[in-house]
Amino acid sequence: MAELLASHPFYEISALLILAALTGILGLALRQPMIVSFIAVGILAGPSALDLVHSYDQIQLLAELGIAVLLFLVGLKLDLSLVRRLGVVSLATGLGQVFFTAVVGFFIGLALGLSAVAAAYVAVALTFSSTIIIVKLLTDKKEVDSLHGRIAIGFLIVQDLAVIIAMLVLSAFGLGEPGAEESASVMGHIIEVLGYGVALLIFIGLFIRYLADRVVRRVVRSSELLIIFAIAWAAFLAAVADYAGLSKELGGLLAGVSLASTEFREAIVARLSSMRDFLLLFFFIALGTQLDLGMLGAQMLPALVLSAFVLVGNPLIVIAIMGLLGFRKRTGFLAGLTVAQISEFSLIFVAMGVSLGHIGADAVGLVTLVGLITIALSVYMISYSQTLYRWFEPYLGVFERSDPFREASLDKVVSGPCHDVILFGLGRYGGSIAGHLREAGYSVLAVDFDPETVRRWRHVGLEVVFGDASDEDFVATLPLEQAEWVVSAMPDHERGVTHTDPRTVLINSLKEHGFEGKIAVSTQNPDEQDFLNEAGADVVFMPFRDAGRQAVQMMGISGDRPAEDRR
C-alpha cells in the first residue's frame, strides 16, 4: 500500500482526502468542529500511524498556501471599530487575559520541565482562542448579538492583534538562523527586518488609501476572478514578507487587512471560506508528519496539566476581569467559557518557532495535544453554557461587584403603569408584535439580550430592558403579577427545542415564579409545536404559516372553494 501511494502523488492525495472525509463524518457525529478532525487526520496520516505522506514538498506547499489564506481571512475580519465601540471592556479583558495566561502559563511550563524558551512559546500559544470556532458556536446558539457574545468577539479581536505583534516580534528576532550568534549581526538583522516591515506597512497604507476599492470593484464583477485575485494577493504579500525576512504568516494577514476597509470584504470571506478549510487540512497533515505518537504519549501528563489551566484558568481570568469592570457574574461566566481552548494560531505560532530554530518538535506535539483536548471539551462547554452556569452559579458571587454598574442601566425597569404583555425578543418578528400591541393600546414591556437593540427601541419610546430568558434570576425580577401575557419571539434553538432551549427555560421559570397569565411562544418548526404545548405554552406562533394564512384571508378567500369552481 505504501509503495502504491508513493508511486504517484495523486494516489496519495486521494487517500488523504478519503481519510479526512471519514474522520470528518465521525467528528460531525461527535459534534466536534472540523479543526479537531483535521488535527486527527494529521496525526493518523503521519509516520507513527498510517504513514500516508510521502510527497512532503507538495504537502508543505499546500500547507503554506493554506496558512496564507487563513490569515488573509483573519485580516479581512479585523473590525477595529468594534474594539473602539466596546473600548475599555475589550482592551482590558483581551489584554488582561493574554497577559495573565502568558505569565501563569510560563511558570507552569517551567515547573513541567520545559526550557525557558519553550515555556515562553507554549505560554504565548495558550493565550490564543479560536475565533472561527467561537463565532460559529455563538452563531449557532443565536448569541452573537448578546452582551457576552459582543464582548467575547471584542476581546477575540484584541487577541488577533496580539497574534500580529507576536509574529512581528518572531520575524524580527530570527535568532535560530545561521550567523545570528554575534550581537552585532543580531542587531543588524533586527534593524534590517524592522526597516522592511516599515516599508511594507507604508505600502499597505498607500494601497488601502488609493487602490484597494478601485481594484476590488473591478474584480468583484466575476466571482471566479475574485477568488483568484484574493488568493493571489494573499500569496503575493506572503512571499514579499518572507523575502523581506518577516514571515509568510504576517504577509498573508496584512494582505487581508489591506482589503478589510472595502465594502466587498464579506463577499470575499464567503467565497474563500471553503477554500480555506480545504487548504488548512494540508497544514495539519504537514504538522502530523512531524509528530511522533510515542513522543505525544510521553507528553500526556504535561498536556493534561496545561489543558486544565486553559479550560479552568482562562475562564476564571476573564470572569475576574469582567467582574472588576462592573459586569454581572453571569455575563462574565458566559464570556469566559469562550476562551476555554487554544486555536489553530497556537499551532501556527509554535510551528514558526520550530522553523526559526527556537524550539524543537516536542513543543509542537505538546501544544497539539493541548489543542485536541481543549477544543474538543470547550465545544461542549460553550454549547451547554446555560446548564453549566446553573451548576456553578452559587460559587460565582465572589466575581460580582455589589453594584454591577455596566449592566444596571440596561436592565432597569422604568416605573409606570402595569404591563399587559411582557415580550422576549425584539427581532423583526418580535418588533412587529410590539408595534401592533402598542397600536392596539396594550402596555408592553420588552426584553432583549442585545444592548444595541435595547438602546434603539428605548429611543423610539418602547419600555425595554436588557435580559436573557435563560437567566432564571432575571425572570424573577420582572413584574409578572400584572401581566396577562408573556410572549417569546426569540429565534429557534440551533439543535431544536430541548430542555436547555431558552424558550423552554423561560416557560419553566414562569411556572416556578407563579405566573398565572398565558404564555405564547414562536417557532419556525411545526415539529416543535407539540413539545412547546406540553412544556406549558398556551399558544404557539408559526410566523410563516400564520403569515400565509393571513395573506390568503387578505385575498378575500375563506373556507373551501366549491368543487365545481375548481379547475
* Asked: Which number in (1) on the phi > 0 side of the Ramachandran plot; (2) in contact (Cβ under 8 Å) with a residue 60 or more places away in the chain marks the one condition that residue 426 misses?
  -> (1)
* Structure fact -> Pairing a residue in region 8-22 that is crowded, with 16+ Cβ neighbours inside 10 Å with any residue that is hydrophobic (A, V, I, L, M, F, W, C) and not in a helix (DSSP H, G or I), where Cβ atoms lie under 8 Å and the two sit 6 or more apart in sequence or on different chains, gives 12/52; 12/53; 15/52; 16/52; 16/53; 19/50; 19/52
* Structure fact -> Inside region 245-266, the number of residues satisfying the requirement of being at pLDDT 80 or above and either assigned to a helix (DSSP H, G or I) or closer than 12 Å to residue 196 by Cβ (or both) is 8
* region 35-51, residues that are under 13 Å from residue 372 (Cβ atoms) and of a type outside the set (Phe, Trp, Tyr) -> 35, 36, 37, 39, 40, 41, 42, 43, 44
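Quick check on this structure: which one of 469, 434, 446, 376 is in contact with a Leu (Cβ under 9 Å, 6 or more places away or on another chain) and in contact (Cβ under 8 Å) with a residue 60 or more places away in the chain?
On the way: 469 fails: in contact (Cβ under 8 Å) with a residue 60 or more places away in the chain; 434 fails: in contact (Cβ under 8 Å) with a residue 60 or more places away in the chain; 446 fails: in contact (Cβ under 8 Å) with a residue 60 or more places away in the chain.
Among 469, 434, 446, 376, only 376 is in contact with a Leu (Cβ under 9 Å, 6 or more places away or on another chain) and in contact (Cβ under 8 Å) with a residue 60 or more places away in the chain.
Does residue 153 satisfy the criteria of being at pLDDT below 70, of a type in the set (A, V, I, L, M), in the same structural domain as residue 264 (by TED's automatic domain parsing) and in a helix (DSSP H, G or I)?
Numbers: at pLDDT below 70: no; of a type in the set (A, V, I, L, M): yes; in the same structural domain as residue 264 (by TED's automatic domain parsing): yes; in a helix (DSSP H, G or I): yes.
No, not satisfied.
Restrict the check to region 296-313 and report whether at least one residue is touching an Asp or Glu at 6+ places or on another chain (Cβ under 9 Å) and in the same structural domain as residue 114 (by TED's automatic domain parsing).
In the first step, residues of region 296-313 are kept if they are touching an Asp or Glu at 6+ places or on another chain (Cβ under 9 Å); the result is 298-299.
Filter once more, so that each one left must be in the same structural domain as residue 114 (by TED's automatic domain parsing): 298-299.
Checking region 296-313: at least one residue is touching an Asp or Glu at 6+ places or on another chain (Cβ under 9 Å) and in the same structural domain as residue 114 (by TED's automatic domain parsing).
From the list 95, 126, 112, which one is surrounded by fewer than 21 Cβ atoms within 10 Å (Cβ to Cβ) and within 18 Å of the chain's Cα centre (by Cα)? Spell out how you get there, then give the answer.
Working: 126 fails: surrounded by fewer than 21 Cβ atoms within 10 Å (Cβ to Cβ); 112 fails: within 18 Å of the chain's Cα centre (by Cα).
It is 95.
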* How many of the residues making up region 219-236 are of a type in the set (A, V, I, L, M) and under 15 Å from residue 260 (Cα atoms)? -> 5
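One line per residue, one yes/no per condition, for (1) among the small types (Gly, Ala, Ser); (2) modelled with pLDDT under 75; (3) touching a His at 6+ places or on another chain (Cβ under 9 Å):
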{"site": "121", "(1), (2), (3)": "no, no, yes"}
{"site": "129", "(1), (2), (3)": "yes, no, no"}
{"site": "134", "(1), (2), (3)": "no, no, no"}
{"site": "141", "(1), (2), (3)": "no, yes, yes"}
{"site": "162", "(1), (2), (3)": "yes, no, no"}
{"site": "165", "(1), (2), (3)": "no, yes, no"}
* Return the total of residues in region 297-308 being crowded, with 19+ Cβ neighbours inside 10 Å and either touching a Leu at 6+ places or on another chain (Cβ under 7 Å) or at pLDDT below 85 (or both). => 4
* Quick one: residue 391 ticks every box in (1) assigned by TED's automatic domain parsing to the domain that holds residue 515; (2) at pLDDT 85 or above bar one, so which box is it? -> (1)
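The values are calculated or read from the model by the stated rules, or taken from the named source; none is laboratory data. Small disclaimer: the values here were computed from a predicted structure and weren't measured. In this analysis, Cβ positions are derived from the backbone assuming ideal geometry, glycine residues included, and neighbour counts consider all displayed protein chains.
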